[in-house]
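A quick write-up on the structure given underneath.
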Amino acid sequence: MKTTDQLIEDLLDLAFAEDIGDGDHTTLATIPADAMGRSKLLVKEEGILAGVDIAKKVLHRIDPSIKINVMIEDGAHVKPGDIAFTAEGPVRALLTAERTMLNIMQRMSGVATMTARYQDELKGLHTKVLDTRKTTPGMRMLEKEAVRIGGGKNHRIGLFDMILIKDNHEDFAGGLEKAVERAKEYCRENGKDLKIEVECRSLEDIQRALDCGGVDRIMFDNFTPELTKEAVKLVGGRVETESSGGITLDNLRAYGETGVDFISVGALTHSVKGLDLSFKAF
């Protein structure tokens, strides 16, 4: 299995291949090979900055000689006019790297900004907002990093690092109990130390999941805040709890006040507007 760093390198390979191809011909045609210059990463919209570290990777992949001076780190609250960093080096390299770097930083900063808005709604509560697997293909590691930068928590990274038994698994397996037992047996037989989470659609499902034993977290699927409060009481702290489905900024606080441990929100990554940033010569 590839490491996070390897996946990021693969992403950059693809990003450069689709953007640069056999060369940045506009830059090659208009800029002398020995031209040197400086550019600044300019913030044009209020939000949470994310992606500075990956921006350095992008620039140095194009030309390792580029000198970068970081003024604002990931996780900082930024406003229009702020300068996150400056870069100095061959002008051709700065221009060629610009769009790939901005695409990544704008996306990550948008995710971090959205996450911070959601987590701020839960201020004073122990409940944490979680991301999901509803991510941009190829950018999952960066988007989940952006969620952490914005103050949220990561759910499972993919299909490989946790067992999450959802309604379709239960239905195809012949019921909740059979699905849980098979999951526990699979872990034993394959030497896997994976947490098991079960999606429940009713209070009865929750009790059945608790009776199975070996379950680490129960997800309340499309429960109302009122029903979630009953569900949290039923679980009684025996396992972790998570709310999912139909949760927005407007009703997030009501769910948090039920005492649920986690609230998963697909909108953190699938419905995000990129933060407005630019890379300007100066």
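Treating only the Cβ atoms of Lys and Arg (+1) and Asp and Glu (-1) as charged, compute the dipole magnitude of the chain about its Cα centre; round to the nearest 20 debye.
About 520 debye.
Ranked highest first by the average count of other Cβ atoms within 10 Å around their residues, in what order do 13-26, 137-150, 196-209, 235-248 fall?
Highest-to-lowest ranking by the protection proxy: 137-150, 196-209, 235-248, 13-26.
Around residue 37, which amide H atoms from residues at least 5 apart in sequence, or from another chain, sit under 5 Å from its own amide H, with H modelled in the peptide plane?
Amide H to amide H, under 5 Å and 5 or more residues apart or across chains, residue 37 pairs with 89, 91.
Explain nothing, just compute: Karplus ³J(HN,Hα) = 6.51 cos²θ - 1.76 cosθ + 1.60, θ = phi - 60°, for every residue of region 144-157 in order, whole Hz, x for Gly and Pro.
Running phi through 6.51 cos²θ - 1.76 cosθ + 1.60 with θ = phi - 60° gives 6, 5, 5, 4, 4, 4, x, x, x, 10, 8, 6, 4, 6 Hz.
What is region 3-61 by shape, rounded, prolate or oblate, if you read a ≥ b ≥ c off the alpha carbon gyration tensor as root eigenvalues and call it rounded for a/c under 1.5, prolate for a/b larger than b/c, and oblate otherwise?
oblate
Quote the charge dipole size of region 89-137 about the Cα centre in Debye, to the nearest 20; the model charges only the Cβ of Lys and Arg (+1) and of Asp and Glu (-1).
140 debye
Give me the dipole magnitude in Debye, nearest 20, for region 187-241 about the Cα centre, with unit charges on the beta carbon: positive for Lys and Arg, negative for Asp and Glu.
Here region 187-241 has a charge dipole of around 140 debye.
Would you work out which of 110, 164, 95 lies farthest towards the positive end of the dipole of the chain? Charges go on Cβ: Lys and Arg +1, Asp and Glu -1.
95
Angle between the Cα long axis of helix 225-235 and the longest principal axis of the chain, 0 to 90 degrees, nearest 10?
With rounding to tens, the tilt is 70 degrees.
Angle, helix 91-121 long axis vs. longest principal axis of the chain, Cα atoms, 0 to 90°, nearest 10?
Tilt relative to the chain: about 30 degrees.
With runs of 4+ DSSP H residues as the only contributors, calculate the mean residue ellipticity of the chain at 222 nm using -39,500 (n - 2.57) per run, divided by the residue total and rounded to the nearest 500.
Rounded to the nearest 500, the figure is -14000 deg cm²/dmol.
Residue by residue, what Karplus-based ³J(HN,Hα) values in Hz, rounded to whole numbers, does region 187-204 have, using 6.51, -1.76 and 1.60 with θ = phi - 60° and x for Gly and Pro?
Using θ = phi - 60°, the values come out as 5, 4, 5, 10, x, 9, 9, 10, 5, 10, 10, 10, 7, 10, 10, 7, 5, 5 Hz.
Please list, in order along region 47-62, the HN-Hα scalar couplings obtained from phi with the Karplus expression 6.51 cos²θ - 1.76 cosθ + 1.60 (θ = phi - 60°), rounded to whole Hz, x for Gly and Pro.
Residue by residue, region 47-62 yields x, 10, 7, 8, x, 4, 4, 6, 4, 5, 4, 4, 4, 6, 5, 6 Hz.
May I ask for the angle, rounded to the nearest 10°, between helix 4-20 and the longest principal axis of the chain, with both axes built from Cα atoms and the value confined to 0 to 90°?
With both axes taken from Cα atoms, the answer is about 50 degrees.
The numbers here are math on the coordinates, done by the rules we state, and not lab data. Please read all numbers here as calculations on a predicted model, not as lab measurements. Neighbour counts run over all protein chains shown; Cβ positions are idealised from the backbone, glycine included.
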